[in-house]
Amino acid sequence: MSRRRGRDRSLPHPRNREGSLSPPADQGRSISRPDDRENSRSPLSPEEAQEVLDQRLRQYNPLGRNDNTVIFLRNFFDVLPSGGQETLARDVGGYSSDHKIRQTVDSIRNGLVCPLRAIGGRTPSEITPAPRPGVEDSIENLRSLDVRPLARTHQQQLRDRCLERDGYCCMLTGLPSGQHPHPEGAMTARLEAAHIIPFALGSFD
């Protein structure tokens, strides 16, 4: 006896209104689409940047009583312009590791703060690289510059020109140079020419 074959259950996909085939609707799935908001970062206001920084620093675990990482970052944040505040807040706020935060502080302290406080252009020999991407390339670009120290005669000429330009007076205190003509009885000072931003890659003996 022959049996009647069962009906073929494989049916073509239904056609949509335009006439093209469309897959059957799956009620259990939803199509995921990239969130455009994640691809664009709106700028942070100073208040928002402050909150981002504070939120991360509240979670920071200091190494000991002498760990001034939080104080340093908050003080440094206060003196930055709005763009710098946003950059610092985003960097620190994005670090899940406290070690990276300490590494950032060491990089700022050794690469910027200490050179600005250095006397005669002396700077630390080793600068801690910041964990921020691209910092290593920036350091290498600076190293490629010709920043050889000036000869003594050139330094003296530079000092004399700076003193003449500034009227033989200190730009910070206003005191006149004691080695040049000055009002009688006036308090004087021994003046030197100082780098506004010292050369971090030069050596000045």
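Here, each number is a calculation from the coordinates, and none is a lab measurement. Owing to the predicted nature of the structure, the values given are computational and were not obtained by experimental measurement. Note that each Cβ is placed from the backbone with ideal geometry, even for glycine, and that neighbours are counted across all protein chains shown.
At-a-glance table
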read-out	value
Footprinting exposure proxy for Ile71, Ile101, Ile108 (fewest neighbouring C-beta atoms within 10 Å first)	Ile71, Ile108, Ile101
Label-point separation, Ser42 to His182 (7 Å along Cα→Cβ), nm	5.7 nm
Sites Arg74 and Ser97, calculated FRET efficiency, Cβ-Cβ separation with R0 25 Å, nearest 0.05	0.80
Computed label-point distance, nm, for sites His154 and Thr173 using a 7 Å Cα→Cβ extension	3.0 nm
Point-to-point label distance, Arg90-Arg58, nm (Cα→Cβ direction, 7 Å offset)	2.3 nm
Two-site FRET efficiency, Glu51 against Cys114, from Cβ-Cβ distance with R₀ of 22 Å, rounded to 0.05	0.15
Calculated from backbone phi, Karplus (6.51, -1.76, 1.60) coupling profile of the stretch 63-73 in Hz, x at Gly/Pro	6, x, 5, 8, 7, 9, 4, 5, 4, 4, 5
